[in-house]
Amino acid sequence: MSRKKAIIRRASIGLGAVIAVLWLAGVGIEFFGGDGRTDGAVAEENQARTAELQKRLARMAPSGIMIVIDTAENRLRLMNGEKIEREVVVSCGSGDILEEPGGRRKWQFDTPRGEFTVNSKLVNPTWIKPDWAFIEEGEVPPKDFDARVDNDSLGDYALGFGDGYFIHGTLYTRLLGRNVTHGCVRVGDKDLEEVFRRVRMGTRIFIY
């Protein structure tokens, strides 16, 4: 588990678990005992170390508005520091692999994990369908650009976070909660409208 993930999840786990995670991550926590000192002296020093650790955690914890996405549970959380302000059901990447006939190209449809930022905010977004979208349907990718333009599939809003990935609306609301996408994160339009309104360019997105 990465240090950032440990920080994001620390609101839902105890301090003891956070200490263990940070120790495994190499943060360098040391407790004392078994060296001849009295139990009171050991407890006092350990208490001081714990207080210092809590201060360090507070400095490391993310602050402000952010988006946190759990791809396994298909949940998106709009957070303000450690406070969850909105939690919604989404659809993330299926993990499926599509291979072009003849095996020349293949694609794996995973939602990327890591830390990202909102780098575009689009209203009534247009999707320019890539080759795989046609190959998946058994069609030959068109050379005509206009044949690739889709003004409906992304819903009313989209938040771009790099490499062609978006948090966007969906026509397939019945599939929310399932891992069915090609890597983007699908959200119901009413839920996404609130998230879209709250975030700004540069807002952090944590995906795990």
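Only the coordinates and a few stated rules stand behind these numbers; no lab work does. All values reported here derive from a predicted model rather than from experimental measurement. Quick reminder, even Gly has a Cβ in these numbers, built from the backbone with ideal geometry, and neighbours come from all protein chains shown.
Each 10 Å bin, from zero up to the one with the longest distance, holds this percent of the alpha carbon pairs of region 65-203: 12, 41, 34, 11, 2, 0. Please list the non-local residues whose amide H lies under 5 Å from the amide H of residue 81, H modeled 1.01 Å from N, same-chain partners needing a gap of 5 or more. Distant-sequence amide H within range of residue 81: 64, 65, 66.
Amide H contacts of residue 157: 124, 169, each under 5 Å away and 5 or more positions distant or on a separate chain (H built 1.01 Å from N in the peptide plane; Pro and chain starts excluded).
Between residue 156 and residue 48, the modelled labels are 5.8 nm apart [label points 7 Å from Cα along Cα→Cβ].
Give the share of C-alpha pairs in each 5 angstrom bin for region 61-105, from 0 to the last occupied bin, in whole percents, shortest bins first. Calculated P(r), rounded to whole percents: 5, 19, 19, 14, 11, 8, 8, 7, 5, 4, 0. If the segment from residue 134 to residue 200 were pulled out straight at 0.36 nm per residue, it would be longer than the present Cα-Cα gap by 20.4 nm. In this structure the amide hydrogen of residue 117, modeled in the peptide plane, comes within under 5 Å of the amide hydrogens of 205, none closer than 5 places in sequence on its chain. Packing here is the average count of other Cβ atoms within 10 Å per residue, and on that basis the peptides 106-115, 167-176, highest first, run 167-176, 106-115. All alpha carbon pair distances within region 152-208 were sorted into 5 Å bins beginning at 0; the resulting P(r) in whole percents reads 4, 19, 31, 28, 15, 4, 0. Across all directions, the average flat footprint of the convex hull enclosing the Cα atoms of region 85-132 is 5.6 nm².
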